[in-house]
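Structure, as structure tokens:
The values are calculated or read from the model by the stated rules, or taken from the named source; none is laboratory data. Computed from a prediction, not measured in an experiment: that's the story for all the values here. Don't worry about glycine lacking a Cβ; one is built from the backbone with ideal geometry, like all the others, and counts go over all protein chains shown.
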Amino acid sequence: PHMSANEIVIAKGIVKRFGGFTALNGVDFTLKRGERLGLIGPNGSGKSTFVNCLTGALPFEAGSVHYEGQDISKLAAWKRARLGITRSFQIPRPFRGLNVRQNMEVPLAFTVGMSDQSRIEEEADAVLDQVGLLGKATNNPRSLSQVELRKLELGRALAGKPRVLIADEAMAGLSDSEVDEILELLMKLNKAGISIILIEHIMRAVVRFSERVIVLV
Ligand code: ADP
Ligand code: MG
């Protein structure tokens, strides 16, 4: 489809089936450049599945995804990540054998393609500073609290230098003040130019964050 200059992602008619079960039945979606978009809907409505289709984690049966004017419908997930689409997982998935800083180094090396180790470490620390984890750089992820794990997850996404960040239930199970911390972090990233899709059940957070909300049913 024709993309206007202010649209960064357009999905059209996405159909995703699991066997005989249709999880997404022709979903249309747009994300504007620099936008803070809320994506809501009941459990099982297909939010995470849709994200998987956007990021390339799952193939889909029909429809298309365009990003920055390019058809990325069939592109491998790692290539989409390289182009700037990244996500955090609903259930944090740190590399448990690596410390917090090393968790940032993986996307810096493999997604961004940096090769100079000392520059990678500098950049990893810059990301950790951004998400408020610099003091925990040498910790193992196992020693982190729930909110710190969420920050690690966002940091890993951020280390991939995204233009589009998808936060899939990054706040579930957190206290009110911890939710505010994550919200502030997402706001800061958005101000730095990243378009953000926030998938969240905590309506207070969705309402505060979102300029626009899309509902999956
Ligand atoms: P949400 O994130 O909105 O809670 P999901 O995208 O996780 O919803 O799930 C949408 C529907 O697709 C659910 O009914 C779920 O059981 C089903 N589903 C998700 N992933 C798979 C899978 N890998 N295999 C089979 N069914 C799946
Ligand atoms: Mg989900």
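Can you pull out every residue in the range 191-217 that is away from ligand 1 (no atom under 16 Å from the Cβ), touching a residue at least 60 places away in the same chain (Cβ under 8 Å) and among the charged types (D, E, K, R)? Selection gives 211, 212.
Going residue by residue through the range 59-69, is there one that turns out to be of a type outside the set (S, T, N, Q) and at pLDDT below 95? For the range 59-69, residues of a type outside the set (S, T, N, Q) and at pLDDT below 95: present. Here 12, 16 are screened, and the one residue that is within 16 Å of ligand 2 (Cβ to nearest atom), of a type outside the set (A, V, I, L, M) and assigned to a strand (DSSP E or B) is 16. Only one of the numbered conditions (1) under 20 Å from residue 199 (Cβ atoms); (2) of a type in the set (Gly, Ala, Ser); (3) in a strand (DSSP E or B) is not met by residue 64, and that is (1). Restricted to the range 139-170, and to residues there that are among the β-branched types (Val, Ile, Thr) and crowded, with 23+ Cβ neighbours inside 10 Å, the residue that is nearest to the chain's Cα centre (by Cα) is 166. Selection within the range 19-42: residues that are part of a strand (DSSP E or B) and free of Cβ contacts under 8 Å to residues at least 12 places away in the same chain. The member of this set that is nearest to ligand 1 (Cβ to nearest atom) is 21. Filtered by the rule that a residue be out of contact with any strand residue (DSSP E or B) (no Cβ under 7 Å at 6 or more places or on another chain) and either small (Gly, Ala, Ser) or crowded, with 20+ Cβ neighbours inside 10 Å (or both), the range 13-35 gives 19, 20. Scanning the range 171-206 for residues that are surrounded by 21 or more Cβ atoms within 10 Å (Cβ to Cβ) and among the polar types (S, T, N, Q) yields one hit, 195.
Contact map, the range 45-57: residues that are on the phi > 0 side of the Ramachandran plot paired with residues that are modelled with pLDDT of 95 or more and near ligand 1 (Cβ under 10 Å from one of its atoms), Cβ distance under 9 Å, separation 6+ or inter-chain. Pairs shown: 46/16; 46/23; 46/24; 46/216. Looking across the range 78-117, the residues that are more than 25 Å from residue 50 (Cα to Cα) and of a type in the set (S, T, N, Q) come down to 99, 102, 103, 115, 117. Of all residues in the range 171-217, exactly one satisfies the criterion of being of a type in the set (S, T, N, Q) and closer than 17 Å to residue 40 by Cβ, namely 210. With respect to the conditions (1) closer than 30 Å to residue 4 by Cβ; (2) of a type in the set (Phe, Trp, Tyr); (3) within 16 Å of ligand 2 (Cβ to nearest atom), residue 67 falls short on a single one, namely (3). When residues in the range 41-75 are screened for being among the β-branched types (Val, Ile, Thr) and out of contact with any Ser or Thr (no Cβ under 9 Å at 6 or more places or on another chain), 2 of them pass. Assess whether residue 107 counts as being at pLDDT 95 or above and under 16 Å from the mean Cα position of the chain (by Cα). Here the answer is yes, as residue 107 does meet what is asked. Of the helices (runs of 4 or more DSSP H) lying entirely inside the range 88-191, those containing at least 1 residues that are more than 16 Å from ligand 2 (Cβ to nearest atom), within 20 Å of residue 39 (Cα to Cα) and not β-branched (Val, Ile, Thr) span 146-159, 176-191.
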